[in-house]
1. Give the distance, in whole Å, between the Cα centre of segment 487-543 and the Cα centre of segment 61-98.
2. Considering only C-alpha atoms, what is the centroid distance from segment 170-236 to segment 296-355, in Å?
3. Applying the Karplus parametrisation 6.51 cos²θ - 1.76 cosθ + 1.60 with θ = phi - 60° to the phi angles of segment 168-179, what ³J(HN,Hα) value in whole Hz is obtained for each residue in order, glycine and proline being reported as x?
4. Of Gln563, Trp606, Leu622, whose Cα points farthest to the positive end of the dipole of segment 485-699 (charges on the beta-carbon: +1 Lys, Arg; -1 Asp, Glu; origin at the Cα centre)?
5. Given labels modelled 7 Å from the Cα in the Cβ direction, how far is it in nm from Ala47 to Leu454?
6. What size of dipole, in debye to the nearest 20, comes out for the chain about its Cα centre when the only charges are +1 on Lys and Arg C-beta atoms and -1 on Asp and Glu C-beta atoms?
7. Under 8 Å for C-alpha pairs, at least 6 residues apart: give me the relative contact order for the chain, rounded to a whole percent.
8. Can you work out ³J(HN,Hα) from phi for every residue in segment 368-377, in order, using Karplus 6.51 cos²θ - 1.76 cosθ + 1.60 and θ = phi - 60°, giving whole Hz and x for Gly and Pro?
Amino acid sequence: MRRILGMMILLGLLFGLSIVGGALAAAGPTTQDCLGCHGDKDLTKQAAGKPVSLFTDEALFKKSVHGRLECTACHTGISEVPHPEQLPAVACQTCHAGAARAFAASIHGRTGSTARVSCQSCHGSHAVAPAATLGAEPCQACHGPVTRAYLTSVHAGALARGIQDASLCFDCHGEAHRLRSHLDPESPTFHARTAETCGRCHADRALVERRHIPIPQAYQLYQKSVHGRAVAAGKPAATCNDCHESHDLRRANDPKSSIYRENIPSTCAKCHAGESRAYIESIHGTAMAQGVTKSPVCTDCHGEHSIRASRDPASRVNVAAVSKTCTNCHEAEGISEKYGIPGGRLETYADSFHGLAVRGGSKVAANCASCHGFHDIRPSSDPRSAIHKDNLPATCGKCHPGAGENFAKGAVHVALTARDEPILFYVRNFYLLLIVVTISGMGVHNGLDFLRKLRREYRRRSGGSATLQAGDLNAGPRGAQRWVERLTLSERWQHGLLAVSFIVLVYTGFALKFPDTWLFAWFVTLEKGYALRSWIHRGAALVMVLACLFHLAYLPTRRGRSQLVAMLPRYQDVKEALLNLGYLLGLRAEPPAFDRFSYIEKAEYWAVIWGSVIMAGTGFMLWFENLTLRFLAKWILDLATLVHYYEAWLATLAILVWHFYAVIFNPDVYPMNWTWLTGKISEESLRHEHPREYERLREQGEL
């Protein structure tokens with residue numbers, strides 16, 4: 001029994017050893033067996049008539065991701081060594097099925113594609129490195145020029161400095177096994193998706209802050225730009241790589257960069273060839289070519305990432321903003337001094353009708369580009385320039401039909417200096433002096449009158465012992481009030497038309513000059529330009545002219561003649577003015593006895609006549625400027641503009657200080673002298689204000 005059991009155990013051991021031996025024999029040769037031959041550096045084979053090395057570096061293989069596998073895991077069909085010369089192709093999909101399926105649909109793996117490559121083309125044969133350690137090297141074998149361009153880029157430079165956030169090929173082109181052609185709409189490098197691809201990094205706030213990227217909102221700004229909106233709408237337009245290049249992206253301060261300041265015109269020329277040619281021949285382009293690096297290029301006017309269409313209100317070259325854009329250079333003190341550029345252009349333009357209209361929202365008023373051009377800006381000395389003296393009629397004629405040579409007879413940018421415009425300079429200074437002296441004199445006169453009456457009221461109400469002067473309004477007998485006609489219905493209509501038209505003219509006129517102030521801003525916003533304001537202003541001017549004609553027609557009447565005679569200046573008026581001044585200063589006990597009209601009213605009447613003639617004459621010259629410039633030089637129109645403006649100030653201040661005091665703020669009539677509405681004046685007021693007329697009426701039995 002023991003002998004039988006021992007035999008069975010022996011047979012079992014032999015059977016087990018045979019199975020293990022068979023399995024070991026079936027497993028084939030080990031890696032060391034393979035290296036017995038392939039570890040020889042001289043081992044080669046002939047392929048296409050050329051020797052091909054069959055050497056495998058054991059050290060590199062052991063470091064690779066496959067280093068723990070046996071050779072037969074990839075090289076199947078080997079049961080013994082030496083093995084057959086023809087072996088089955090290595091099938092990576094056996095272990096990497098998912099990657100293989102993705103690769104088969106990629107641009108590299110598509111059947112029939114000239115770009116078809118194998119796994120080994122990128123990963124290598126035996127020294128397969130982890131994917132995380134692969135840089136641009138796998139791409140270099142097939143994409144040499146592109147890779148070399150990338151290696152000089154800002155991204156590769158950052159990667160070389162150890163910045164792991166720097167972009168590699170696959171960060172832009174997509175997952176390695178799913179690469180698609182840039183013509184494929186699904187590709188991250190498809191034209192319409194390029195900005196989105198760049199935005200994955202450049203719109204990442206944390207990354208932008210961490211890496212100190214100089215333009216943190218580049219992607220967001222581009223989305224709002226005319227280019228970004230066009231691309232989003234499926235239209236051809238520039239995207240990131242059109243300006244920054246696809247692989248050779250360099251910093252803006254690199255002379256080889258496509259966005260280096262001197263290279264920007266040529267970069268933009270890829271899409272805007274006509275504009276670029278015009279720029280190159282312009283004063284800006286020639287200056288840049290001569291080394292004037294401060295000369296503006298495309299981005300100085302249009303912006304960089306936030307380029308907008310010229311019709312967009314937010315655009316730097318919109319009609320409302322282009323003049324301000326130009327002044328960024330032309331009003332910069334350092335630039336104007338260094339290159340001898342005339343200054344003050346913004347100020348003189350802003351004070352002109354064109355500038356005022358643009359500030360108020362006009363879409364049709366001329367701006368810098370309207371006269372100087374857009375890209376082909378040339379100096380005025382260039383016969384091809386739009387502002388050359390021979391070309392000004394045509395340039396101005398774009399807005400002013402029939403413009404002739406008179407448009408060129410005078411400065412376009414009117415600087416009110418003694419050297420540049422002596423006539424305008426001295427007329428302006430004359431008006432400033434006249435306004436200061438006249439309005440100051442009126443203020444002092446009315447101030448003294450107010451203080452005199454204030455003192456009178458104080459004495460009367462405080463119960464002082466001082467007696468009232470005979471000329472004081474409250475000094476006469478009290479009783480039933482009688483009324484005397486002061487203004488006829490015709491005279492009240494004349495005054496009413498004049499008053500209403502004057503107020504409208506003042507408001508709408510100063511709304512042109514000061515459109516940004518709170519008093520006029522709402523009106524400017526309401527009208528959205530100057531069509532409404534200008535027609536209201538002109539309508540009021542016609543009403544005022546009609547009121548003046550009404551008055552001229554009224555003067556030949558019996559009443560009109562008597563009123564005119566009473567208004568004529570006389571020596572007596574000078575005498576009464578001096579006597580009244582002495583009274584206001586306390587040098588006289590009583591005021592002078594005025595007749596129907598005092599020097600106060602006469603001065604105002606003749607000032608209205610003078611002002612109406614001046615304002616109507618200059619106003620119609622400005623209204624019909626095209627007709628005016630057919631017969632008169634431009635500097636005369638400039639003079640009319642200046643006189644119209646300062647005469648308006650003089651008239652407005654005179655009404656506020658002189659007339660409003662007399663009819664509103666004068667303590668004797670406050671809160672208002674109602675005569676302008678009722679035509680009546682009380683007997684008491686007549687006796688107080690016009691004692692000579694009062695006595696005459698009494699003598700005539702009319703009182």
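Please treat every number below as a calculation from the coordinates, not as lab data. Please read these numbers as outputs of a predicted model, since none were measured by experiment. A quick note on method: Cβ atoms are made from the backbone with ideal geometry, for glycine too, and the neighbour counts reach across all protein chains shown.
1. 95 Å
2. 31 Å
3. 10, 3, 6, 5, 9, 7, x, 4, 3, 7, 10, 4
4. Leu622
5. 11.0 nm
6. Numbers: 75 positive and 62 negative charges, 227 e Å.
Around 1100 debye, computed over the chain.
7. Numbers: 759 pairs, mean separation 59.4, N = 703.
Over the chain, the number comes to 8 percent.
8. Listing the rounded values in order: 3, 5, 4, 9, 8, x, 9, 9, 9, 5 Hz.
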